[in-house]
1. If we keep just the residues of the range 238-274 that are more than 34 Å from the chain's Cα centre (by Cα), at pLDDT 85 or above and outside any loop (DSSP other than H, G, I, E, B), which is surrounded by the fewest Cβ atoms within 10 Å (Cβ to Cβ)?
2. Would you check which residues across the range 316-335 are free of Cβ contacts under 8 Å to residues at least 40 places away in the same chain, within 16 Å of Gly306 (Cβ to Cβ) and either in a helix (DSSP H, G or I) or of a type in the set (A, V, I, L, M, F, W, C) (or both) and list them?
3. Hey, among Asn376, Asn450, which residue is under 30 Å from Asn333 (Cβ atoms) and out of contact with any Leu (no Cβ under 6 Å at 6 or more places or on another chain)?
4. Exactly one of (1) under 21 Å from the mean Cα position of the chain (by Cα); (2) more than 13 Å from Ile381 (Cα to Cα); (3) assigned to a helix (DSSP H, G or I) is unmet by Ile307. Its number?
5. Can you give me the ranges of the strands (runs of 3 or more DSSP E) entirely in the range 1-101 with at least 1 residues that are within 30 Å of Gln232 (Cβ to Cβ) and hydrophobic (A, V, I, L, M, F, W, C)?
6. Are any of the residues in the range 208-216 of a type in the set (Asp, Glu) and buried (at least 16 other Cβ atoms within 10 Å of the Cβ)?
7. Taking the criterion of being touching a residue at least 60 places away in the same chain (Cβ under 8 Å), in contact with a Ser or Thr (Cβ under 7 Å, 6 or more places away or on another chain) and not in a loop (DSSP other than H, G, I, E, B), would at least one residue in the range 434-443 satisfy it?
8. Do the conditions hold for Ala58, that is, is it out of contact with any Pro (no Cβ under 7 Å at 6 or more places or on another chain), surrounded by 21 or more Cβ atoms within 10 Å (Cβ to Cβ) and under 21 Å from Val103 (Cβ atoms)?
Amino acid sequence: MSKEYITTIGLEIHAELNTNSKMFCGCLNNPDETKPNVNICPVCMAHPGTLPVINKKAMESVVKVGLAIGANIADFTEFDRKNYFYPDIPKAYQISQFKYPIVEGGKLKGVDITRIHLEEDTATSKHDRGDYSLVDFNRAGVPLMELVTEPVIHTAKQAGDFGRELQILLRYLGVSEANMEKGQMRVELNISVSNDPDKLGTKVEVKNINSFRAMERAAEYETKRMIDLLEQGRGEEIVQETRGWDENKQSTFSQRKKENANDYRYFPDPDLPKLFLSKIFDIEKMRKELPELPENKRNRYRNDFGIKDEDIESYILDQDLGYWFEQVANSLNDKDLPATAIEKAGKIKTASNYITSDYLGLKKINSEVRLPKVENFVELINLVTGSEISSRGAKDILAIIVIKDESPKNIAVEKGLIQNHDEGALKEIVQKIIDANPSVVETYKGGKENAIMSLVGQVMKESKGSANPSLVQKLLKELLA
């Protein structure tokens, strides 16, 4: 490529809100419903003479998101009719928001937010019947939050990171499960490339994205496709359009010419009232009642526990695991314990390592694995950091207590995993191994100090894992000196 191109990405992200009822009627909002067309009524089916009623809980959810990202919460807002016809839009228009969204501005993961507004979801089209399609209206009218970013994202990874962070935030706020596999969170890319840093290229929208990894791949593919066109001197062939992502082919394909705001003929919905949010919600009270947000929790974990960022992300993604880890850490950091602050910090880091590597590893391969009682896990960490059991023994005991939650000390005693610190008894085993391995001894004495680890391993095997490895190494060095 002869020129340096700049990729610019803006995101439009829709998230279904987990209210009990739909946006403008009393029908059940149930994303797990498998029977078609059961959660419907004359309102969401647009029967003549029906009137919508605004779901206050859905509005509260959007306000919460706005507060969490430090955005401006509108005082005045209203709903508009967005006019277009598809079989999955029963009214031939969608109730949405155009000029006066609930939220404007704010920032998340370093990305500036343009707006967040509220609308109703469409029905679901089923295209698996060969020569005809069916429509399931269970989803029609479900509360849908739409977030639009500024065009300030420049890499596929940054786009993916933003999407993942928004998903986590929505879950922390309790406003949406944001499960992409279930369609509860849907991402659209607006992407362009240009070799002029002061000018954006022709924008293309990419839909049909069902995972954050797919979003990253779609951005990478579309960037390359557009640059290839520009490099071939056919820049006019980049047209503003909507393209779909084909997961099987790992490529985008043209769907339709992109509509603009004028095509939708927005106008205020005459059946819904104008709203002044300061009269409906106590905004400052809502701000104070926000839960601890993911970024705040990351900072607290770094400051309070000093653990690795990779470990922190495990706890951010799994709130139950994070809460359990905090109980473990607080127990190990108990002010009444005789250990020094450095020793306590070391125990907490050791505990975190066992949780994020060994526990999560066990959970991946066995669905019966459960978090053990805090006191049992703390006992296990005290045993291994106190050199009463080996690291191998700790892993074996952990594999037991995540299935059968018992005292690690009792298990260690029963299985002979308590490490032997008796120098006299260990000396006999060490001498026996030295006598049985003259060639290894000769190699060690010849200057290859790593050869001693072979002897350590054999002593551990002879002692059935009960010997303390550091003591074994010390005795070997003394006897071989």
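1. Phe267
2. Gly322, Phe325, Glu326, Ala329, Asn330
3. Every option except Asn376 fails the conditions.
4. Result: Ile307 passes all but (3).
5. Details: elements: 6-16, 80-83, 93-96.
Where strands (runs of 3 or more DSSP E) fall fully within the range 1-101 and carry at least 1 residues being within 30 Å of Gln232 (Cβ to Cβ) and hydrophobic (A, V, I, L, M, F, W, C), they are 6-16.
6. yes
7. Pass one, the range 434-443, residues touching a residue at least 60 places away in the same chain (Cβ under 8 Å): none.
Within the range 434-443, none of the residues are touching a residue at least 60 places away in the same chain (Cβ under 8 Å), in contact with a Ser or Thr (Cβ under 7 Å, 6 or more places away or on another chain) and not in a loop (DSSP other than H, G, I, E, B).
8. Numbers: out of contact with any Pro (no Cβ under 7 Å at 6 or more places or on another chain): no; surrounded by 21 or more Cβ atoms within 10 Å (Cβ to Cβ): yes; under 21 Å from Val103 (Cβ atoms): yes.
For Ala58, the condition - out of contact with any Pro (no Cβ under 7 Å at 6 or more places or on another chain), surrounded by 21 or more Cβ atoms within 10 Å (Cβ to Cβ) and under 21 Å from Val103 (Cβ atoms) - is not met.
The values are calculated or read from the model by the stated rules, or taken from the named source; none is laboratory data. Predicted model, so just to flag it, every value in this text is computed and none were measured. A quick note on method: Cβ atoms are made from the backbone with ideal geometry, for glycine too, and the neighbour counts reach across all protein chains shown.
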